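The values are calculated or read from the model by the stated rules, or taken from the named source; none is laboratory data. Fair warning: this is a prediction, and the values are worked out from it, not measured in the lab. Heads up, the Cβs are rebuilt from the backbone with ideal geometry, glycines too, and the neighbour counts pull from every protein chain shown. The area values use the complete protein model at the heavy-atom level, side chains included, leaving out ligands, DNA and RNA. Shrake-Rupley method; radii C 1.70, N 1.55, O 1.52, S 1.80 Å.
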Amino acid sequence: MPIISPSLLAADFGNLQRELEMINESEADWLHLDIMDGVFVPNITFGLPLLNMIRKHLKKPMDVHLMIVQPEKFIEGSKEIGIEMMTVHYETCTHIHRTLQDIHNAGMKAGVALNPGTPVCLLRDIIEDVDVVMIMSVNPGAGGQKFIMHSLDKVRELKKLIQETGSHALIEIDGGVNDKTAPMLLEAGADVLVAGSYVFGAEDPKKVIRELKAL
Ligand code: DX5
Ligand code: ZN
(Lines give C-alpha, C1' and ligand atoms only; values in the text may rest on other atoms or scores of the structure.)
(Ligands and ions follow the chains in the order given, each with its own letter.)
Protein backbone atom coordinates (compact mmCIF):
# COMPACT_ATOMS: atom_id res chain seq x y z
CA MET A 1 0.00 0.00 0.00
CA PRO A 2 1.59 3.32 -1.04
CA ILE A 3 2.09 6.23 1.31
CA ILE A 4 0.04 9.17 0.01
CA SER A 5 1.26 12.72 0.55
CA PRO A 6 -1.11 15.29 -1.01
CA SER A 7 0.64 18.54 -1.93
CA LEU A 8 -0.96 21.60 -0.37
CA LEU A 9 0.38 23.73 -3.24
CA ALA A 10 -2.79 23.04 -5.23
CA ALA A 11 -5.14 23.75 -2.30
CA ASP A 12 -7.46 26.72 -1.90
CA PHE A 13 -5.44 28.96 0.43
CA GLY A 14 -8.47 31.15 1.03
CA ASN A 15 -10.03 28.16 2.75
CA LEU A 16 -6.96 26.69 4.35
CA GLN A 17 -8.68 25.44 7.48
CA ARG A 18 -11.28 23.58 5.42
CA GLU A 19 -8.52 22.02 3.28
CA LEU A 20 -6.60 20.91 6.38
CA GLU A 21 -9.75 19.39 7.85
CA MET A 22 -10.24 17.47 4.62
CA ILE A 23 -6.69 16.12 4.92
CA ASN A 24 -7.25 15.22 8.59
CA GLU A 25 -10.39 13.28 7.71
CA SER A 26 -8.86 11.61 4.65
CA GLU A 27 -6.69 8.52 4.31
CA ALA A 28 -3.67 10.70 3.46
CA ASP A 29 -0.58 9.55 5.34
CA TRP A 30 1.41 12.79 5.19
CA LEU A 31 0.88 16.35 3.97
CA HIS A 32 3.43 17.58 1.43
CA LEU A 33 4.42 21.24 1.84
CA ASP A 34 6.33 22.99 -0.93
CA ILE A 35 8.64 25.81 0.14
CA MET A 36 9.95 27.91 -2.79
CA ASP A 37 12.28 30.89 -2.60
CA GLY A 38 12.19 32.51 -6.05
CA VAL A 39 15.91 31.76 -6.37
CA PHE A 40 16.35 28.00 -6.68
CA VAL A 41 12.95 27.84 -8.41
CA PRO A 42 11.05 30.65 -10.18
CA ASN A 43 8.16 30.77 -7.69
CA ILE A 44 7.77 31.88 -4.07
CA THR A 45 5.33 30.06 -1.79
CA PHE A 46 5.39 30.28 2.01
CA GLY A 47 7.77 29.84 4.92
CA LEU A 48 8.04 28.77 8.54
CA PRO A 49 5.35 31.10 9.98
CA LEU A 50 2.70 29.47 7.82
CA LEU A 51 4.06 25.99 8.55
CA ASN A 52 3.74 26.82 12.23
CA MET A 53 0.06 27.71 11.81
CA ILE A 54 -0.58 24.60 9.73
CA ARG A 55 1.06 22.47 12.42
CA LYS A 56 -1.57 23.62 14.92
CA HIS A 57 -4.47 22.36 12.78
CA LEU A 58 -2.92 19.37 11.04
CA LYS A 59 -3.05 15.88 12.55
CA LYS A 60 -0.74 14.24 9.97
CA PRO A 61 3.04 14.30 9.62
CA MET A 62 4.45 17.25 7.69
CA ASP A 63 6.50 16.29 4.64
CA VAL A 64 8.36 19.53 3.94
CA HIS A 65 9.98 19.92 0.51
CA LEU A 66 12.52 22.74 0.54
CA MET A 67 13.09 24.18 -2.93
CA ILE A 68 15.38 26.87 -1.56
CA VAL A 69 19.05 27.72 -1.48
CA GLN A 70 20.82 27.23 1.86
CA PRO A 71 18.11 24.98 3.32
CA GLU A 72 20.32 24.29 6.36
CA LYS A 73 19.35 27.73 7.69
CA PHE A 74 15.87 26.42 8.45
CA ILE A 75 16.69 23.18 10.29
CA GLU A 76 16.50 24.70 13.77
CA GLY A 77 13.25 26.55 13.09
CA SER A 78 11.64 23.48 11.52
CA LYS A 79 12.54 21.42 14.56
CA GLU A 80 10.91 23.97 16.86
CA ILE A 81 7.68 23.85 14.87
CA GLY A 82 7.56 20.07 15.17
CA ILE A 83 8.05 19.18 11.53
CA GLU A 84 8.62 15.45 11.02
CA MET A 85 10.39 15.33 7.66
CA MET A 86 12.68 17.74 5.85
CA THR A 87 13.66 17.12 2.25
CA VAL A 88 16.42 19.22 0.73
CA HIS A 89 17.49 19.35 -2.90
CA TYR A 90 20.80 17.68 -3.74
CA GLU A 91 21.46 20.63 -6.08
CA THR A 92 21.26 23.19 -3.25
CA CYS A 93 23.65 21.54 -0.78
CA THR A 94 27.40 21.91 -1.02
CA HIS A 95 27.73 19.62 2.01
CA ILE A 96 24.81 17.28 1.52
CA HIS A 97 26.11 14.71 4.04
CA ARG A 98 26.48 17.34 6.75
CA THR A 99 23.03 18.79 6.06
CA LEU A 100 21.40 15.35 6.29
CA GLN A 101 23.27 14.71 9.52
CA ASP A 102 22.11 18.05 10.95
CA ILE A 103 18.48 17.26 10.07
CA HIS A 104 18.81 13.91 11.86
CA ASN A 105 20.50 15.51 14.86
CA ALA A 106 17.50 17.84 15.09
CA GLY A 107 15.28 14.75 15.42
CA MET A 108 13.66 14.86 11.99
CA LYS A 109 13.59 12.43 9.09
CA ALA A 110 15.93 13.52 6.30
CA GLY A 111 15.13 13.42 2.62
CA VAL A 112 17.06 14.32 -0.50
CA ALA A 113 15.33 15.43 -3.71
CA LEU A 114 16.72 15.09 -7.23
CA ASN A 115 15.79 17.35 -10.13
CA PRO A 116 14.92 15.62 -13.41
CA GLY A 117 18.44 16.37 -14.69
CA THR A 118 20.29 15.05 -11.63
CA PRO A 119 21.32 11.38 -11.86
CA VAL A 120 20.50 8.76 -9.23
CA CYS A 121 24.12 7.49 -9.14
CA LEU A 122 25.13 10.65 -7.20
CA LEU A 123 23.35 9.20 -4.18
CA ARG A 124 25.55 6.13 -3.80
CA ASP A 125 27.65 7.52 -0.95
CA ILE A 126 24.73 8.93 1.05
CA ILE A 127 21.97 6.42 0.39
CA GLU A 128 22.43 4.76 3.79
CA ASP A 129 22.02 8.13 5.53
CA VAL A 130 18.67 9.16 4.04
CA ASP A 131 15.15 8.23 5.01
CA VAL A 132 13.52 9.40 1.79
CA VAL A 133 14.72 10.01 -1.76
CA MET A 134 12.39 12.27 -3.70
CA ILE A 135 12.53 11.82 -7.44
CA MET A 136 11.18 14.95 -9.13
CA SER A 137 9.09 13.79 -12.06
CA VAL A 138 8.59 17.42 -13.19
CA ASN A 139 10.91 20.39 -12.90
CA PRO A 140 10.37 21.89 -9.45
CA GLY A 141 8.58 25.21 -9.13
CA ALA A 142 4.97 24.63 -10.13
CA GLY A 143 2.09 22.22 -9.88
CA GLY A 144 0.07 20.81 -12.75
CA GLN A 145 2.99 19.98 -15.07
CA LYS A 146 3.33 16.98 -17.37
CA PHE A 147 4.92 13.84 -15.92
CA ILE A 148 8.43 13.12 -17.28
CA MET A 149 8.40 9.47 -18.37
CA HIS A 150 12.14 8.98 -17.81
CA SER A 151 11.39 9.25 -14.07
CA LEU A 152 10.26 5.61 -14.19
CA ASP A 153 13.80 4.53 -15.16
CA LYS A 154 15.17 6.61 -12.30
CA VAL A 155 12.83 4.89 -9.84
CA ARG A 156 14.01 1.46 -11.05
CA GLU A 157 17.66 2.48 -10.79
CA LEU A 158 17.11 3.88 -7.31
CA LYS A 159 15.26 0.76 -6.17
CA LYS A 160 18.27 -1.30 -7.30
CA LEU A 161 20.69 0.96 -5.42
CA ILE A 162 18.57 0.71 -2.26
CA GLN A 163 18.44 -3.07 -2.48
CA GLU A 164 22.18 -3.39 -3.17
CA THR A 165 23.15 -1.22 -0.22
CA GLY A 166 20.50 -2.40 2.25
CA SER A 167 19.37 1.21 2.71
CA HIS A 168 15.98 1.79 4.35
CA ALA A 169 15.22 4.84 2.17
CA LEU A 170 11.70 5.26 0.83
CA ILE A 171 11.23 6.33 -2.79
CA GLU A 172 8.96 9.37 -3.05
CA ILE A 173 7.68 10.73 -6.37
CA ASP A 174 6.75 14.37 -6.82
CA GLY A 175 5.08 15.79 -9.91
CA GLY A 176 2.42 14.72 -12.36
CA VAL A 177 1.05 11.89 -10.23
CA ASN A 178 -2.45 10.81 -11.27
CA ASP A 179 -4.47 7.65 -11.94
CA LYS A 180 -2.40 6.95 -15.09
CA THR A 181 1.10 7.53 -13.74
CA ALA A 182 0.62 6.18 -10.19
CA PRO A 183 0.26 2.48 -11.17
CA MET A 184 3.40 2.69 -13.35
CA LEU A 185 5.32 4.35 -10.53
CA LEU A 186 4.30 1.73 -7.99
CA GLU A 187 5.27 -1.04 -10.37
CA ALA A 188 8.69 0.59 -10.82
CA GLY A 189 9.19 0.59 -7.03
CA ALA A 190 7.85 3.88 -5.65
CA ASP A 191 6.76 3.93 -1.98
CA VAL A 192 5.38 7.46 -1.56
CA LEU A 193 3.20 9.38 -4.01
CA VAL A 194 2.89 13.17 -3.83
CA ALA A 195 -0.15 14.52 -5.66
CA GLY A 196 -1.15 18.16 -5.87
CA SER A 197 -3.54 19.12 -8.65
CA TYR A 198 -4.86 15.57 -9.02
CA VAL A 199 -6.09 15.60 -5.40
CA PHE A 200 -7.03 19.22 -4.75
CA GLY A 201 -8.43 19.77 -8.24
CA ALA A 202 -10.83 16.85 -7.82
CA GLU A 203 -14.48 17.22 -6.98
CA ASP A 204 -14.06 14.71 -4.16
CA PRO A 205 -10.43 14.88 -2.94
CA LYS A 206 -10.99 12.32 -0.18
CA LYS A 207 -12.19 9.80 -2.74
CA VAL A 208 -9.14 10.44 -4.93
CA ILE A 209 -6.84 9.93 -1.93
CA ARG A 210 -8.67 6.71 -1.05
CA GLU A 211 -8.29 5.45 -4.63
CA LEU A 212 -4.55 6.23 -4.72
CA LYS A 213 -4.13 4.51 -1.37
CA ALA A 214 -5.89 1.39 -2.68
CA LEU A 215 -3.54 0.99 -5.67
C1 DX5 B 1 6.45 21.09 -7.70
C2 DX5 B 1 6.11 20.64 -6.32
C3 DX5 B 1 5.08 19.59 -6.25
C4 DX5 B 1 3.75 19.98 -6.82
C5 DX5 B 1 3.19 18.80 -7.53
O6 DX5 B 1 7.57 21.89 -7.66
O7 DX5 B 1 7.25 20.14 -5.66
O8 DX5 B 1 4.94 19.07 -4.95
O9 DX5 B 1 2.81 20.40 -5.85
O10 DX5 B 1 2.06 19.18 -8.21
P11 DX5 B 1 1.30 18.21 -9.21
O12 DX5 B 1 0.90 16.99 -8.42
O13 DX5 B 1 0.13 19.03 -9.64
O14 DX5 B 1 2.23 17.87 -10.31
ZN1 ZN C 1 7.00 19.07 -3.75
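Rolling a 1.4 Å probe over the protein heavy atoms of the chain, with every protein chain left in place, gives an accessible area that is 51 percent carbon and sulfur. Quick check on the chain: helices-only [θ] at 222 nm, where DSSP H runs of length 4 and up contribute -39,500 (n - 2.57) each and the sum goes over total residues. Nearest 500, please. After summing the helix terms and dividing by residue count, I get -9500 deg cm²/dmol.
Determine the percent antiparallel among the DSSP beta bridges restricted to the stretch 1-158, to the nearest 5.
Working: 1 of 21 bridges.
Here the share of antiparallel DSSP bridges comes out near 5 percent.
When the pairs 79/159; 56/154; 59/207; 73/160; 109/160 are compared against a 25 Å limit on Cα-Cα distance, 79/159; 56/154; 73/160 fall above it. Looking at the stretch 182-215, the GluC sites (Glu not before Pro) that sit in a DSSP loop and have at most 10 other Cβ atoms within 10 Å of their own Cβ are 203.
Tell me, what are the semi-axes, in whole angstrom and largest first, of the equivalent ellipsoid of the chain as set by the roots of 5 times the Cα gyration tensor eigenvalues? Could the numbers behind the result be given before it?
Working: eigenvalues 112, 91, 48 Å².
Here the semi-axes work out to 24, 21, 15 Å.
How much of the calculated P(r) for the stretch 11-86 lies past 15 Å, in percent of all Cα pairs?
Numbers: 1583 of 2850 pairs.
Percentage above 15 Å: 56.
Among 52-65, 9-22, how do they line up by average Cβ neighbours within 10 Å per residue, starting with the highest? The partial results should precede the final answer.
Numbers: 52-65: 17.9, 9-22: 14.9.
In descending order of packing, they fall as 52-65, 9-22.
Of all DSSP bridge pairs formed entirely within the stretch 1-70, close to 10 percent run antiparallel.
Keeping every protein chain in place, order 94, 99 by accessible area at 1.4 Å, biggest value first, i.e. largest first. Intermediate values should be presented prior to the final figure.
Numbers: 94 125, 99 10 Å².
Of 94, 99, the descending order of accessible area is 94, 99.
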